[in-house]
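Read through the structure below, which is laid out as structure tokens, and then see the notes.
The values are calculated or read from the model by the stated rules, or taken from the named source; none is laboratory data. Being a predicted model, the structure only gives us computed values, none of them experimental. Cβ: placed from backbone, ideal geometry, glycine included. Neighbour counts: every protein chain shown. Keep in mind that these areas ignore ligands, DNA and RNA; they rest on the heavy atoms of the full protein, side chains included. Shrake-Rupley method; radii C 1.70, N 1.55, O 1.52, S 1.80 Å.
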Amino acid sequence: SRHSARPDRQAMGWEQAAVGWREIPRGMSVRKIWFDLSFAPLVGVVGMASFLMGGIIMKHFTGHTDVAFDKKIRMDHNHQGGSEHRIATHNSRLGMLSINKRAFNLFPFTYTPKAEIIDRHRTDK
């Protein structure tokens, strides 16, 4: 019947169906269920990439000569040289323009610059 102590399946709401259900099993913790140590390198790579990309975006918006937040610089029709700091920041490349000009080792990789390879293979020396 409809008014008995135990409701039938058609009249049961989600509250009655969820009675006694445990989201986290006994003896387990959220860390044991969701954290796996093999996932840490992926999180590290994503974190480093986010940090690098955030730095590049900040460098672009705070130092690019075409992006001008200052009203005084914007009012100048030729604001390319409006700030020495912006010119220096715009011309710097976070050290990446010079890294391919010299040899370096990052185990297990060894990088040899193109000019050094050309000098090594020249026959007129």
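Under 14 Å of direct C-alpha separation, and excluding same-chain neighbours fewer than eight residues apart, residue 101 reaches these aspartates and glutamates: 116, 119. Protection proxy ranking, highest mean first, for peptides 14-23, 109-118: 109-118, 14-23, where packing is the per-residue count of other beta-carbon atoms within 10 Å, averaged. Karplus-derived 3J(HN,Hα) values for the range 39-44, using 6.51 cos²θ - 1.76 cosθ + 1.60 with θ = phi - 60°, are 7, 4, x, 5, 5, x Hz; glycine and proline are entered as x. Between amide H atoms placed 1.01 Å from N, distances below 5 Å from residue 83 occur with no residue 5 or more places distant or on a separate chain.
Of the residues 121, 60, 90, ranked by 1.4 Å probe accessible area with the largest first, the sequence reads 121, 60, 90. Among the lysines, select those whose C-alpha is under 29 Å from the C-alpha of residue 71, and discard any that sit fewer than 8 residues away in the same chain. Hits, sequence-local ones excluded: 59.
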